[in-house]
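*Asks:* Below you will find the structure I want to go over with you.
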Amino acid sequence: MTQDQGDQVQTILGAGGPIADELARELHRSFTSNIRLVSRHPRQVNGSDELVAADLTDPGSTESAVAGSNIVYLTVGLPMDSSLWEEKFPQMMRNVIDAVKTHGAKLVYFDNTYMYPGTTTPQTESTPFVPNGRKGHVRAELAEMLIAEMDAGTIEAVICRAPEFYGPGKTKSWTNSLVFDRIAAGKRPFVPVSATTKRSLIWTPDASKAMALIGNSPDAYEQTWHLPIDENRLTYRQLIDLASTITGRTISYTVLPMWLFKLGSRFNSMLAEASELLPRYRGDNIFDTSKFAERFPEFRATTYREGISAILSEAD
């Protein structure tokens, strides 16, 4: 790292999740030891981390948390609750935008693909927003809010967008909970909707490392970036076959059809909240990361074999 980078204060808003924790590690490894972790109850990841307790729905608390920062990473997550998202997320984004404007900090926003159409058309950074539900509409609103500020030149920011997660530790996603976590526990995996459509999955540590790299690359700002994945996209059938090869045992699976999710959503609020994501499991999900690969050719994404091996080794 350069001396200037090492002196920079880089702040993570929404500390404590798997993306934020690995981001803190990567920033410390490669860019700066001046890291501030912000959440309601922050905990150190690196021994030198500064901890700030803050409520990002409060403008004053947010401004205080951002003060003195050079780069701010917004990685906040909320429970899968549409009403909560509609109430809290726009308020948080507005407060963060205002805070970085006040203090002249750069903003790196970690985003997802909920606002993209659930079709088989390859997704690029220019894919239009066609949300399929309430949470998708919220994510579109947040991105559009930030893009408007970027276009107006009032803020120096960048959007880092990731598809569905899979990963080690406390990574949360359908693929982890229904497939790999069950395989690791010696249980039969459940496949959402289809075992024969191609998936685009991002290894959570890769998402964090790529975001740290983008945040510390001045020419990457004022743009949207798709974060890197293993471009050798596999179906759930192929992913489970790969797990069979890794474990040396035959692993059978059960496909949970669309109608079963819809039936379950009548009785289970979590399934109801997840229902807007179902269309992306019906057909191939192609998340294009060629823009990142061209700009950062030295970055090597974790392969599915490496990722699955790492998840399953945690259970040994």
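What follows is calculated from the coordinates using simple rules that are stated; it is not laboratory data. Predicted model, so just to flag it, every value in this text is computed and none were measured. Ideal geometry is used to build each Cβ from the backbone, glycine not excepted, and the neighbour counts take in all protein chains shown.
*Asks:* Using a Gaussian network model on the chain with a 10 Å cutoff between Cα atoms, which of Pro59, Pro122, Pro131 fluctuates the most?
*Replies:* Pro122
*Asks:* Using DSSP to define loop residues, name the trypsin sites (Lys or Arg not before Pro) in segment 145-180 whose beta-carbon has at most 13 other beta-carbon atoms within 10 Å.
*Replies:* Lys170
*Asks:* Once the Cα atoms of helix 204-215 and of the chain are each reduced to a long axis, what angle between those two axes, in degrees from 0 to 90 to the nearest 10, is obtained?
*Replies:* Rounded to the nearest ten degrees, it is 30.
*Asks:* Using 0.36 nm per residue of separation minus the Cα-Cα distance, give me the extension gain between Phe299 and Arg182 in nm, one decimal.
*Replies:* Length gained, Phe299 through Arg182: 39.1 nm.
*Asks:* Please give the calculated 222 nm ellipticity per residue for the chain, where each DSSP H segment of at least 4 residues contributes -39500 (n - 2.57) and the sum is spread over every residue; nearest 500 deg cm²/dmol?
*Replies:* Helix-only estimate at 222 nm: -12000 deg cm²/dmol.
*Asks:* Work out, step by step, the length gained on full extension between Ser313 and Thr57: first 0.36 nm times the residue separation, then minus their alpha carbon distance; give nm to one decimal.
*Replies:* 88.2 nm
*Asks:* Taking θ as phi - 60°, what are the ³J(HN,Hα) couplings along segment 231-236 by the Karplus curve (6.51, -1.76, 1.60), each to the nearest whole Hz, with x for Gly and Pro?
*Replies:* With the stated coefficients, segment 231-236 comes to 6, 7, 5, 10, 7, 4 Hz.
*Asks:* Still on this structure: Can you list residues from other chains, or at least 5 along the same chain, whose modelled amide H is less than 5 Å from the amide H of Arg161?
*Replies:* Here Asp111, Trp225, His226, Leu227 satisfy the definition.
*Asks:* Report the calculated FRET efficiency for Gln223 and Gln44 (r = Cβ-Cβ distance, R0 = 51 Å), to the nearest 0.05.
*Replies:* Calculated value: 0.95.
*Asks:* Tilt of helix 304-314 relative to the longest C-alpha principal axis of the chain, in degrees (0 to 90, nearest 10)?
*Replies:* The angle comes out at about 90 degrees.
*Asks:* To continue, here is another question. Which loop-located chymotrypsin sites (Phe, Trp or Tyr not before Pro) does segment 246-316 contain, where loop means any DSSP state but H, G, I, E or B and the Cβ has at most 12 other Cβ atoms within 10 Å?
*Replies:* Answer in residue order: Phe267.
*Asks:* Give me the percent of Cα-Cα pairs in segment 118-261 that sit more than 21 Å apart, rounded to a whole number.
*Replies:* Everything past 21 Å amounts to 54 percent.
*Asks:* Still on this structure, I have one more. Which part of segment 170-211 falls in the paramagnetic zone of Leu263, meaning amide N under 18 Å from the point 7 Å along Cα-to-beta-carbon?
*Replies:* Residues 190-194 qualify, since their backbone N sits under 18 Å from the label point.
*Asks:* For the residues Asp284, Asp230, what sequence is obtained by ranking on other C-beta atoms within 10 Å, fewest first?
*Replies:* By the 10 Å Cβ count, ascending: Asp284, Asp230.
*Asks:* Return the percentage of antiparallel bridges among DSSP beta bridges fully within the chain, rounded to the nearest 5 %.
*Replies:* Taking every DSSP beta bridge within the chain, about 5 percent pair in antiparallel fashion.
*Asks:* Size of the dipole of the chain about the Cα centre, Lys and Arg at +1 and Asp and Glu at -1 on the beta carbon, nothing else charged, in debye to 20?
*Replies:* Rounded to the nearest 20 debye, it is 1400 debye.
*Asks:* Counting only DSSP beta bridges with both residues in segment 110-262, what percent are antiparallel, rounded to the nearest 5?
*Replies:* 10
*Asks:* With +1 on each Lys and Arg Cβ and -1 on each Asp and Glu Cβ, how big is the dipole of segment 134-213 about its Cα centre, in debye rounded to the nearest 20?
*Replies:* Rounded to the nearest 20 debye, it is 740 debye.
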